[in-house]
Amino acid sequence: MITSEGFVWDAIYLALRTDAGMIASFPYSDGKAAVFDENNVPSNLTPPYVVLGESVTTIKNVFSKKGQEVVTTLHGWSEYKGSKRY
């Protein structure tokens, strides 16, 4: 079975890079949001930015239908020096 991980990752990447709220919060020099693949983060990049990290795909066959569950981790980076707030 071909995994859907790449398709899901591409959709998340495109949605985050082009979202107006993300662009306002994480502006980048190309006019889109500062969202990167963990293997392609520009060197000397100043936070804030988001990195799409590892993904895990699990086969989920339910009611005789074949499917997959894809969980992707997002890493947010900032220079905030205060205490953690919830």
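Worth a mention:
- Selection count where residues are touching a His at 6+ places or on another chain (Cβ under 8 Å) and at pLDDT 95 or above, scope segment 15-50: 1
- Identity of the residue in segment 42-86, without any contact (Cβ under 8 Å) to a residue 40 or more places away in the chain and touching a Lys or Arg at 6+ places or on another chain (Cβ under 8 Å), that ends up farthest from Ala24 (Cα to Cα): Gly67
The values are calculated or read from the model by the stated rules, or taken from the named source; none is laboratory data. As the structure is a computational prediction, the values presented were derived from the model and not from experiment. Virtual Cβ from ideal backbone geometry, glycine too; neighbours counted across all protein chains shown.
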